[in-house]
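Notes follow the structure.
The values are calculated or read from the model by the stated rules, or taken from the named source; none is laboratory data. These numbers come from a predicted model, not from an experiment. Cβ placement follows ideal geometry from the backbone for every residue including glycine, while neighbour counts extend to all protein chains displayed. Protein only, heavy atoms only, side chains kept; ligands, DNA and RNA dropped before computing areas. Shrake-Rupley method; radii C 1.70, N 1.55, O 1.52, S 1.80 Å.
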Amino acid sequence: MKQFRLWLIILFIAVSSSIVNSLLKNELQTFEVGKFEFGKYDDFDEALAKGLTYDMNKLIYTTRHDGVTIVMYTTIPDPTEFQDDIEFQDKMEALVVQFFEGNDEEGWELLGPRGWTHYENDNFTSYSTFLREYDDAGNVEHSFNVGFGEVNNPEIDTIETKSHHDNTFTEATMIQKGPYRYYFQIGEDAVVRGISVNGEIVDQQGS
(Lines give C-alpha, C1' and ligand atoms only; values in the text may rest on other atoms or scores of the structure.)
Protein backbone atom coordinates (compact mmCIF):
# COMPACT_ATOMS: atom_id res chain seq x y z
CA MET A 1 0.00 0.00 0.00
CA LYS A 2 2.83 2.36 0.92
CA GLN A 3 4.53 1.61 -2.40
CA PHE A 4 1.29 2.30 -4.24
CA ARG A 5 0.90 5.68 -2.48
CA LEU A 6 4.50 6.53 -3.25
CA TRP A 7 3.93 5.68 -6.89
CA LEU A 8 0.84 7.93 -6.95
CA ILE A 9 2.81 10.81 -5.41
CA ILE A 10 5.60 10.41 -7.99
CA LEU A 11 3.04 10.26 -10.80
CA PHE A 12 1.27 13.39 -9.49
CA ILE A 13 4.56 15.33 -9.31
CA ALA A 14 5.53 14.27 -12.84
CA VAL A 15 2.14 15.26 -14.30
CA SER A 16 2.12 18.58 -12.42
CA SER A 17 5.64 19.38 -13.61
CA SER A 18 4.66 18.62 -17.19
CA ILE A 19 1.62 20.91 -16.97
CA VAL A 20 3.62 23.74 -15.40
CA ASN A 21 6.36 23.45 -18.05
CA SER A 22 3.75 23.48 -20.78
CA LEU A 23 2.11 26.60 -19.36
CA LEU A 24 5.43 28.36 -18.96
CA LYS A 25 6.36 27.47 -22.52
CA ASN A 26 3.07 28.81 -23.86
CA GLU A 27 3.43 32.01 -21.84
CA LEU A 28 6.95 32.51 -23.14
CA GLN A 29 5.85 31.98 -26.74
CA THR A 30 2.99 34.45 -26.29
CA PHE A 31 5.36 37.02 -24.78
CA GLU A 32 7.83 36.67 -27.62
CA VAL A 33 5.12 37.07 -30.24
CA GLY A 34 3.74 40.10 -28.38
CA LYS A 35 7.18 41.64 -28.11
CA PHE A 36 7.80 41.12 -31.83
CA GLU A 37 4.55 42.89 -32.73
CA PHE A 38 5.01 45.75 -30.27
CA GLY A 39 5.54 49.08 -32.01
CA LYS A 40 4.93 47.71 -35.50
CA TYR A 41 2.29 48.82 -37.96
CA ASP A 42 0.80 46.86 -40.85
CA ASP A 43 1.28 49.49 -43.56
CA PHE A 44 2.75 52.96 -44.00
CA ASP A 45 -0.60 54.72 -43.71
CA GLU A 46 -1.14 53.10 -40.30
CA ALA A 47 2.42 54.04 -39.29
CA LEU A 48 1.67 57.69 -40.07
CA ALA A 49 -1.70 57.53 -38.31
CA LYS A 50 -0.54 55.74 -35.14
CA GLY A 51 3.27 55.66 -35.07
CA LEU A 52 4.30 59.31 -35.10
CA THR A 53 5.33 60.74 -31.74
CA TYR A 54 3.22 63.87 -32.30
CA ASP A 55 -0.10 64.42 -34.04
CA MET A 56 0.56 65.40 -37.63
CA ASN A 57 -0.85 68.73 -38.77
CA LYS A 58 0.58 68.69 -42.31
CA LEU A 59 2.65 66.06 -44.11
CA ILE A 60 5.47 68.02 -45.75
CA TYR A 61 7.81 65.48 -47.32
CA THR A 62 8.75 61.79 -47.38
CA THR A 63 11.86 60.17 -48.84
CA ARG A 64 13.88 56.98 -48.47
CA HIS A 65 17.58 56.80 -47.58
CA ASP A 66 19.79 53.90 -46.47
CA GLY A 67 16.77 51.61 -46.11
CA VAL A 68 14.99 54.14 -43.89
CA THR A 69 11.85 56.12 -44.75
CA ILE A 70 12.13 59.72 -43.54
CA VAL A 71 9.02 61.76 -42.77
CA MET A 72 8.93 65.53 -42.34
CA TYR A 73 5.71 67.00 -40.97
CA THR A 74 4.34 69.82 -38.84
CA THR A 75 2.66 69.45 -35.48
CA ILE A 76 0.84 71.78 -33.13
CA PRO A 77 2.28 71.32 -29.62
CA ASP A 78 0.25 71.70 -26.46
CA PRO A 79 -0.15 75.51 -26.05
CA THR A 80 -0.20 75.25 -22.26
CA GLU A 81 3.50 74.38 -22.39
CA PHE A 82 4.30 77.80 -23.86
CA GLN A 83 2.15 80.23 -21.91
CA ASP A 84 5.10 82.61 -21.43
CA ASP A 85 6.28 82.43 -25.05
CA ILE A 86 4.05 84.91 -26.88
CA GLU A 87 6.11 84.68 -30.09
CA PHE A 88 5.62 80.93 -30.27
CA GLN A 89 1.92 81.15 -29.48
CA ASP A 90 1.42 83.38 -32.53
CA LYS A 91 2.50 80.56 -34.82
CA MET A 92 1.75 77.43 -32.79
CA GLU A 93 3.36 75.06 -35.26
CA ALA A 94 6.57 73.05 -35.02
CA LEU A 95 8.52 71.12 -37.65
CA VAL A 96 9.37 67.45 -37.05
CA VAL A 97 11.50 64.84 -38.85
CA GLN A 98 11.11 61.18 -37.88
CA PHE A 99 12.34 57.86 -39.21
CA PHE A 100 10.62 54.56 -40.05
CA GLU A 101 12.04 51.19 -41.03
CA GLY A 102 10.12 48.40 -42.72
CA ASN A 103 7.64 47.68 -45.50
CA ASP A 104 4.00 46.71 -45.95
CA GLU A 105 4.85 42.98 -45.93
CA GLU A 106 6.84 42.90 -42.68
CA GLY A 107 5.40 45.97 -40.93
CA TRP A 108 6.75 49.40 -40.02
CA GLU A 109 8.58 50.55 -36.89
CA LEU A 110 9.55 54.02 -35.65
CA LEU A 111 13.29 54.61 -35.19
CA GLY A 112 15.55 57.20 -33.64
CA PRO A 113 14.94 60.51 -31.87
CA ARG A 114 11.47 61.67 -30.91
CA GLY A 115 11.55 65.46 -30.65
CA TRP A 116 10.42 68.60 -32.46
CA THR A 117 12.16 71.91 -33.05
CA HIS A 118 11.04 75.47 -33.53
CA TYR A 119 12.33 79.03 -33.58
CA GLU A 120 11.45 82.16 -35.54
CA ASN A 121 13.57 83.71 -38.30
CA ASP A 122 12.50 86.18 -40.97
CA ASN A 123 14.65 84.51 -43.64
CA PHE A 124 14.71 80.77 -42.92
CA THR A 125 14.88 78.36 -40.00
CA SER A 126 17.69 75.82 -39.73
CA TYR A 127 17.24 72.55 -37.84
CA SER A 128 19.29 69.38 -37.70
CA THR A 129 18.63 65.85 -36.46
CA PHE A 130 20.42 62.54 -36.81
CA LEU A 131 19.74 58.81 -36.85
CA ARG A 132 22.07 56.32 -35.14
CA GLU A 133 20.84 52.73 -35.03
CA TYR A 134 22.76 49.60 -34.02
CA ASP A 135 22.04 45.93 -34.60
CA ASP A 136 22.03 43.27 -31.86
CA ALA A 137 25.78 42.77 -32.25
CA GLY A 138 26.48 46.46 -31.65
CA ASN A 139 27.33 47.26 -35.26
CA VAL A 140 26.11 50.52 -36.79
CA GLU A 141 23.06 49.80 -38.93
CA HIS A 142 22.07 53.35 -39.89
CA SER A 143 24.05 56.55 -39.42
CA PHE A 144 23.25 59.85 -41.13
CA ASN A 145 22.26 63.46 -40.47
CA VAL A 146 19.29 65.41 -41.78
CA GLY A 147 19.06 69.20 -42.15
CA PHE A 148 15.68 70.86 -42.67
CA GLY A 149 13.75 74.05 -42.11
CA GLU A 150 11.16 76.53 -43.34
CA VAL A 151 11.95 79.28 -45.86
CA ASN A 152 10.19 82.55 -44.93
CA ASN A 153 11.84 85.17 -47.15
CA PRO A 154 10.38 85.16 -50.71
CA GLU A 155 13.70 86.55 -52.00
CA ILE A 156 15.36 83.20 -51.21
CA ASP A 157 15.28 80.95 -54.27
CA THR A 158 17.43 78.04 -53.04
CA ILE A 159 18.99 76.73 -49.82
CA GLU A 160 22.54 75.39 -49.76
CA THR A 161 24.32 73.49 -46.96
CA LYS A 162 27.77 72.18 -46.14
CA SER A 163 29.70 70.67 -43.24
CA HIS A 164 32.75 72.27 -41.61
CA HIS A 165 34.95 69.94 -43.66
CA ASP A 166 33.40 70.66 -47.07
CA ASN A 167 34.78 73.30 -49.39
CA THR A 168 31.63 73.56 -51.51
CA PHE A 169 27.92 73.86 -50.79
CA THR A 170 25.26 71.37 -51.85
CA GLU A 171 21.81 72.53 -52.94
CA ALA A 172 19.00 71.24 -50.72
CA THR A 173 15.63 69.91 -51.87
CA MET A 174 13.01 72.68 -51.88
CA ILE A 175 9.40 71.74 -51.02
CA GLN A 176 6.35 73.89 -51.73
CA LYS A 177 3.35 73.10 -49.51
CA GLY A 178 0.53 75.52 -50.22
CA PRO A 179 1.84 79.03 -49.47
CA TYR A 180 4.70 77.65 -47.36
CA ARG A 181 8.19 76.58 -48.44
CA TYR A 182 10.55 74.16 -46.75
CA TYR A 183 13.93 72.61 -47.47
CA PHE A 184 15.38 69.19 -46.78
CA GLN A 185 18.94 67.88 -46.96
CA ILE A 186 20.64 64.62 -45.99
CA GLY A 187 24.14 65.15 -44.60
CA GLU A 188 25.90 67.42 -42.12
CA ASP A 189 24.69 71.01 -42.37
CA ALA A 190 26.90 73.08 -40.08
CA VAL A 191 26.58 75.97 -42.54
CA VAL A 192 23.27 76.81 -44.21
CA ARG A 193 22.65 79.74 -46.55
CA GLY A 194 19.76 81.14 -48.54
CA ILE A 195 20.51 82.22 -52.11
CA SER A 196 18.47 84.64 -54.24
CA VAL A 197 17.56 83.97 -57.87
CA ASN A 198 20.51 86.22 -58.82
CA GLY A 199 22.95 84.10 -56.82
CA GLU A 200 23.31 86.53 -53.93
CA ILE A 201 23.52 85.32 -50.33
CA VAL A 202 20.40 86.55 -48.53
CA ASP A 203 21.25 84.96 -45.18
CA GLN A 204 23.80 82.50 -43.82
CA GLN A 205 23.60 80.56 -40.56
CA GLY A 206 26.58 78.75 -39.06
CA SER A 207 30.22 79.28 -39.91
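Here's how it looks for Lys177: its modeled amide H is under 5 Å from those of Tyr182, which are all 5 or more places away or on a different chain. For Glu141, the amide hydrogen comes within under 5 Å of the amide hydrogens of Glu133, Tyr134, Asp135, counting only partners 5 or more places away or on other chains and with H modelled in the peptide plane. Each label point was placed 7 Å from the Cα along the Cα-to-Cβ direction; for Ile201 and Asp55 their separation is 4.2 nm. Computed over neighbours whose Cβ is under 14 Å from that of Asp157, the net charge equals -3, Lys and Arg +1, Asp and Glu -1. In this view, the solvent-accessible surface of Arg132, computed with a 1.4 Å probe and all protein chains in place, comes to about 100 Å². A probe of 1.4 angstrom, applied to the heavy atoms of all protein chains, finds Glu133 with accessible area near 40 square angstrom. Once you have the Cα-Cα distance between Lys40 and Asn167, take 0.36 nm times their residue separation minus that, and quote the gain in nm to one decimal. Value of the extension gain: 41.6 nm. What the phi angles of region 45-60 give under the Karplus curve with 6.51, -1.76 and 1.60, with θ = phi - 60°, is a coupling list of 4, 5, 4, 5, 6, 10, x, 5, 5, 10, 4, 7, 8, 9, 7, 9 Hz, glycine and proline written as x. Label zone (Met174, point 7 Å along Cα-to-C-beta; backbone nitrogen cut-off 19 Å) within region 127-157: 127, 147-157.
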